[in-house]
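Participant: One structure coming up, written as structure tokens, with questions to follow.
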Amino acid sequence: MPIGNNHTVPSPTAILNPATGAVITSVEGLTEGEVDAAIARASSAFETWRGVAPGDRARLLRRFAAAVDAHRDELALLEVANAGHVLGNALWEAGNVRDVLEFYAGAPERHSGRQIPVPGGIDMTFYEPLGVVGIIVPWNFPMAIAGWGLAPALAAGNTVVLKPAELTPLSALRLGELSLEAGLPDGVLQILPGPGRVVGRRLVTHPAVRKLCFTGSTEVGRTIMSGCAEQIKRLTLELGGKSANIVFADADVELAAPRAPYGVFDNAGQDCCARSRILVQRSAYDRFMEHLEPAVTGVVVGDPTQATTEMGPLISPAHMASVASFVPDGAPVAFRGTCPDGPGNWFAPTVLAPVDPSDRAASEEIFGPVVVVIPFDDEADAVRLANDTPYGLSGSLWTRDIGRALRVARAVETGTLSVNSHSSVRYWTPFGGAKQSGLGRELGPDALHAFSDVKNVFISSE
Ligand code: NAD
């Protein structure tokens, strides 16, 4: 059932376990009228929530974090069952929601404006909340991405209506219940399951939704951006990626090669930050491939409930078919890991090489456990290849030369980049895309700015 809603709708969606194909439960999608009612509740709750003293808002967010922590195992198991995440990752994700709530619980009491020297009086700025914030979440990290949006939005004094993806609504629905148990007032956080074309679309078109955070495909992001233009609606977009993992010959190749699978096959490659293009300096190419092969064939793929499993299934049969289309008969498979047979959406980790940079597998987002390896000649060639994409979300580079690390980190057109690691999203630091990977930044110390408008007030002293 949708949180805070008693209406029924005709066709509930069956929610499936991607590792087994079994039906877990079914969830009713909201009608447009029900979405409107939820937005009306959020608008009315906003009038109270914005007036809650900063210290009290902080306390409520800390209680919400504590409720998430107390239900960490339960939330993780929901994500394992519904999204096919491996247990270790799912536990990390539930812990991440808790940590993000705690981090932004520190914000309401520190969201200070400025006093600016002006002649004839006093000038000050205030950070005003925007009102109702709509958050649209994809299926690949249903719980973590929900937390990255809702925590700073609530901390800044907004109310939130959050639409989970059709395939993966369960962890978000549970977070909504936990928020109420923690004492957040009714209407402050509502979870609205349902199709993108009904619920998501209404969050775009409803004038009382003042800001939208959309995470999903670049294609849908483009339609959302044009929809928001109608009302000059504030918008954050976190979209697709085709990130590069650049390995220079002077790197610790014996370390970079076995780490490479974990930069792309995590969450079965269904990760917007997946480093799905490995660029290797030609002089180190053979050595790199030698060390990459055992690491790829050694990735443990299987039952996501087992603590030792490293990679689970793909989200759906349709998505599996889409991933498989990048590895047709005769594709240049350099080597491949293994995966279970039988029910479930299984796809073995796959390395394609040699591949031309213009090939489909090297240029389009695959969103599955398929990676291409492409050689390069020198630093300029590496940067050219890395930037030869409309995307710019993430990336890694491996070198022992600190000057090169800085030069290349600055030259690659991307929102985040890690040197000698595959670190991606850390809640302490800003996250978001360059070029067609997105607009705006989430997380980090400045996240509340995306959920507030600056108001300038001048008081005459004359
Ligand atoms: P998607 O774009 O199909 O759907 C994302 C969400 O938008 C879903 O909740 C969906 O119901 C909703 N939606 C669909 N059509 C809509 C419409 N017309 N109006 C409003 N809402 C609509 O994406 P997906 O398949 O769920 O997720 C995969 C994509 O998300 C990949 O491209 C991936 O790279 C991207 N992604 C990006 C980030 C990031 O932070 N940059 C993170 C995760 C996923």
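Participant: Spot the failing condition for T338; the list is (1) touching a strand residue (DSSP E or B) at 6+ places or on another chain (Cβ under 9 Å); (2) surrounded by fewer than 17 Cβ atoms within 10 Å (Cβ to Cβ); (3) more than 15 Å from F265 (Cα to Cα); (4) in contact (Cβ under 8 Å) with a residue 40 or more places away in the chain, and only one is missed.
Facilitator: (3)
Participant: Right, next: Looking at segment 214-222, is at least one residue more than 18 Å from the chain's Cα centre (by Cα) and either assigned by TED's automatic domain parsing to the domain that holds I374 or among the charged types (D, E, K, R) (or both)?
Facilitator: Within segment 214-222, none of the residues are more than 18 Å from the chain's Cα centre (by Cα) and either assigned by TED's automatic domain parsing to the domain that holds I374 or among the charged types (D, E, K, R) (or both).
Participant: Which is out of contact with any helix residue (DSSP H, G or I) (no Cβ under 9 Å at 6 or more places or on another chain), without any contact (Cβ under 8 Å) to a residue 40 or more places away in the chain, open to solvent by 40 Å² or more (accessible area, probe 1.4 Å) and of a type in the set (D, E), of D446, D388?
Facilitator: On inspection, the qualifying residue turns out to be D446.
Participant: For segment 195-207, what are the residues that are touching a residue at least 60 places away in the same chain (Cβ under 8 Å), more than 7 Å from the ligand (Cβ to nearest atom) and open to solvent by 10 Å² or more (accessible area, probe 1.4 Å)?
Facilitator: Within segment 195-207, V198, R202, H206 meet the criteria.
Participant: Additional query: Looking at (1) open to solvent by less than 10 Å² (accessible area, probe 1.4 Å); (2) within 16 Å of the ligand (Cβ to nearest atom), which one does V425 not meet, given that it meets all the others?
Facilitator: (1)
Participant: Name every residue in segment 208-239 that is among the polar types (S, T, N, Q) and within 12 Å of the ligand (Cβ to nearest atom), in order of residue number.
Facilitator: T215, S217, T218, T223, S226, T236
Participant: Quick one: is N82 surrounded by fewer than 24 Cβ atoms within 10 Å (Cβ to Cβ), outside the structural domain of M320 (by TED's automatic domain parsing) and within 16 Å of the ligand (Cβ to nearest atom)?
Facilitator: no
Participant: Take the residues of segment 103-145 that are in a strand (DSSP E or B) and of a type outside the set (A, V, I, L, M, F, W, C): which is farthest from the ligand (Cβ to nearest atom)?
Facilitator: Of everything passing the filter in segment 103-145, G121 is farthest from the ligand (Cβ to nearest atom).
Participant: Shifting gears a bit: Scan segment 157-190 for residues that are among the β-branched types (V, I, T) and within 12 Å of the ligand (Cβ to nearest atom) and jot them down.
Facilitator: Within segment 157-190, T168 is the sole residue that qualifies.
Participant: Give me the residue from segment 64-79 that is over 19 Å from A155 (Cα atoms) and touching a Leu at 6+ places or on another chain (Cβ under 7 Å) and, out of that set, most open to solvent (accessible area, probe 1.4 Å).
Facilitator: Taking segment 64-79 as the starting set, the residues that turn out to be over 19 Å from A155 (Cα atoms) are 70-79.
With touching a Leu at 6+ places or on another chain (Cβ under 7 Å) added as a condition, the list becomes 71-72, 76, 78.
Details: H71: 50, R72: 77, A76: 0, L78: 43 Å².
Among those residues, the one meeting the criterion is R72.
Participant: Here's something else I'd like to know. Got at least one residue in segment 311-333 being of a type in the set (S, T, N, Q) and open to solvent by 60 Å² or more (accessible area, probe 1.4 Å)?
Facilitator: No, that holds for no residue.
Participant: Let me ask something else about it. Report yes if F458 is aromatic (F, W, Y) and surrounded by fewer than 17 Cβ atoms within 10 Å (Cβ to Cβ), otherwise no.
Facilitator: When the stated conditions are applied, F458 passes them.
Participant: Consider I191 against the criteria (1) without any contact (Cβ under 8 Å) to a residue 40 or more places away in the chain; (2) under 29 Å from I24 (Cα atoms); (3) open to solvent by less than 20 Å² (accessible area, probe 1.4 Å): it satisfies all of them except one. Which criterion is unmet?
Facilitator: (1)
Participant: Give just the number: which of (1) outside the structural domain of V299 (by TED's automatic domain parsing); (2) touching a residue at least 40 places away in the same chain (Cβ under 8 Å); (3) surrounded by fewer than 21 Cβ atoms within 10 Å (Cβ to Cβ) does D250 not satisfy?
Facilitator: Failed condition: (1).
Participant: Being over 30 Å from G302 (Cβ atoms) and hydrophobic (A, V, I, L, M, F, W, C) narrows it down to one residue among A94, A76, A53; which is it? I'd like the intermediate steps shown before the answer.
Facilitator: Working: A94 fails: over 30 Å from G302 (Cβ atoms); A76 fails: over 30 Å from G302 (Cβ atoms).
That would be A53, the only listed residue that is over 30 Å from G302 (Cβ atoms) and hydrophobic (A, V, I, L, M, F, W, C).
The values are calculated or read from the model by the stated rules, or taken from the named source; none is laboratory data. On a predicted model such as this, the values are computed, not experimentally measured, just so you know. Counting neighbours? That spans all protein chains shown, and the Cβs are built from the backbone with ideal geometry, glycine included. Just so you know, the surface numbers come from the protein's heavy atoms only, side chains and all, with ligands and any DNA or RNA stripped out. Shrake-Rupley method; radii C 1.70, N 1.55, O 1.52, S 1.80 Å.
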